[in-house]
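All of the numbers you see were taken from the coordinates with simple rules; none came from a lab. Quantities reported herein were computed from a predicted structural model and do not represent experimental measurements. Here the Cβ positions follow ideal geometry from the backbone for every residue, glycine too, while neighbour counts run over all protein chains shown.
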Amino acid sequence: MSYENKFQNSIHKTNFKNLTKENQDFIKEKAFLYQFSFQELKQIIDFAIDFKMWHEDDISLVFKEEYASRKNAFNDIRKIWQNFKDKPNSYKKFTKDLYKDDVRKISFTSFEGDKAALGACPVASPNTRCCNLLTLDAVQSCGFDCSYCSIQSFYNQDKIGFDVNFKENLQNLRLDPNETYHIGTGQSSDSLMWGNKNGILDALFDFARQNPNVILEFKTKSNNIKYFLENDVPKNIICTWSLNTQTIIDNEEHLAASLEQRVTAALKLSNKNVLVGFHFHPIIQYENYISEYEEVYKKLIDTFDPSKVALISFGTLTFIKPVINKIRNRSFKSKILQMPMVDANGKQSYSLEVKEQMFKSAYDTFKPWHKDVYFYLCMEDESLWKKVFGYEYASNNQMEDMMKMSYMEKILQNRQS
Ligand code: SF4
C-alpha cells in the first residue's frame, strides 16, 4: 500500500485535526518525505500540539532543514520535546493576552435524578493512600475550567447540569446514624460558584442539620460566600479552598477567583466561626515554585487561627490518558503537560523525588500548625507519608478514621465555642 493511502487510512486515529492548517501541511510534507511510521507520526503531531500549547517555537521552526534518516528526524524532534518537559517551566512568556478570547459559553441544563448522586471519590485509587471520601454531586460539571482538571473527561464542559429532584433525593438519603460520614460536594463541580442556584445550598444546609454525623465539605476556588454570610451555617459544615500561587492561578486557573479573593473569603467565614481548610492540589513545578508556594503557606499562617482550620492537604498533577488527550484536543495556552512525567500507579505524574521535595517544603513551612491542624497527602503513593510527615498509615481505612476523628474533634470544639 502506498504511503499516501496508509496516511489517509490512519490519520483520523491521531490528533491531526487539532493542528492548525499550516502545521497540518507542514507535517504532511515531512511525513511523506521521511515516511514516518504510524506511531512516529502520531507522536510528532502531539509534539506539535504541545509546542503550540506551551507557547514555545512552532514545529516548523524546530525541524532542521534536512535529516540523514527518518529515525534521525524523529529522535531529534522527540529530544527537543523531552528537553522542554525536563526543564522547569517558565511562565515569563505567558501574558493575560493569551487568554483574552478564552471566554466560557456555558449553558445550564436540568435533569431528573432518581436518587442522590452519592458515591466514592472518583479519583481515589486502591494503589494510593486515600481517605475514602464520599462525594455528593450537587451540580454536574464546572464553570472554572482549570487546565489540568479531570472533570473535563467526565462531563461536557459547556453544559452545567442541575438535578431538579436534588432536594427530595437528599431528603430520601438514608444514612446510618451511628456512622460518621465525610462527604464532599466539590468533585463534580465547584461547591460555591453557583451560590444557592436551584436551592442547592438550602438543600445541603438542611441535609447537614438533619445529619449531625455527617462532615459536609464544600470545596471551592470561588469567593461566592454570600449565602454563607446571610445564613446560619451548621457546625458540621467545613468550607475548604483550593489554593495555588498567583502565577498558576493566572495561567492555569484563570477563570477562578484570585488568591487574595479566596483567602479573604475564607477569612470572612472563619471570623463567622465556620471551620475552613485549604487544599494545595495541584502543587505545580515551575521556576522558583518552592519559594512562591512558601509565601502562600506563610500568608495562611499569618492570617488564620489554626484552631479554626480543620485541614491542609497537599497533592500534585496526576493524569490519566483520557485527560491528556482531552487537553490536547483543546486549543489553549497552558504549560500543564510540559512536565517530566513518570508512571505513578498507572497514571502519569512527577517522580517520587520531585514530590518528596515539594510536599516536604510545604509541610515543613507549616511547622507552627503541625499540632493543631490535620495534614494529609491526597491520592499519593503511601511511601511518601513517612518521608514527608514522619509517620504513615497501615491502610486507607485507618487514614479515613484518623481524618474523621480530627475533623469531628474540631466540629465539637466549634459547637461548644
Ligand atoms: S485522598 Fe484525595 S483522591 Fe483519595 S479519596 Fe481522599 S479526596 Fe479522593
Worksheet item: Percent relative contact order of the range 3-86, based on C-alpha pairs within less than 8 angstrom and at least six residues apart?
Response: 30 percent
Response to the item:
Helix-only [θ] at 222 nm, the chain, -39500 (n - 2.57) per DSSP H run of 4+, per residue, nearest 500, equals -12000 deg cm²/dmol
Item to complete: Output the peptides 114-122, 322-330 sorted from most to least packed, where packing is the average of other Cβ atoms within 10 Å over each peptide's residues.
Response: 322-330, 114-122
Fill in: Cross-link reach list, lysines versus Lys272, counting only Cα pairs under 18 Å and skipping chain neighbours closer than eight places
Lys219, Lys226, Lys235, Lys308, Lys410
Worksheet item: Each label point is 7 Å from the Cα along the Cα-to-Cβ direction; what then is the distance between the points at Asp372 and Glu295, in nm?
Response: 2.4 nm
Practice prompt. Only Cα pairs under 8 Å and at least 6 apart count here; give the relative contact order of the range 132-224 as a rounded whole percent.
Written response: 36 percent
Fill in: Interchain or long-range residues, amide H under 5 Å from Phe108's placed H
Ile160
Fill in: Share antiparallel - DSSP beta bridges, the chain, percent rounded to 5
25 percent
Discussion item. With the cut-off at 1.5 for a/c, could you classify the range 1-76 from its C-alpha gyration tensor as rounded, prolate or oblate?
Written reply: oblate
Fill in: Total lysine pairs under 27 Å (Cα atoms) in the range 67-157, excluding pairs fewer than 8 apart on one chain
13
Worksheet item: Tell me, what HN-Hα J-couplings in whole Hz come from the Karplus equation 6.51 cos²θ - 1.76 cosθ + 1.60 at θ = phi - 60° for each residue of the range 333-343, using x for Gly and Pro?
Response: 9, 6, 9, 5, 8, 7, 8, x, 9, 10, 5
Response to the item:
Which residues qualify? For His279, with a placed amide H closer than 5 Å and at least 5 residues away or on another chain, they are Trp241, Ser242, Leu243, Ser313
Worksheet item: For the range 105-416, what class follows from the C-alpha gyration tensor (a ≥ b ≥ c being the square roots of its eigenvalues): rounded when a/c is under 1.5, otherwise prolate if a/b is larger than b/c, else oblate?
Response: rounded
Worksheet entry | Percent of Cα-Cα distances greater than 14 Å, calculated over the range 327-407 | 70 percent
Discussion item. I need to check one value: relative contact order of the chain, counting alpha carbon pairs closer than 8 Å and at least 6 residues apart, in percent.
Written reply: 18 percent
Worksheet item: What residues have an amide H closer than 5 Å to that of Tyr374, excluding those fewer than 5 places away on the same chain, when H is modeled at 1.01 Å from N in the peptide plane?
Response: Leu311, Ile312
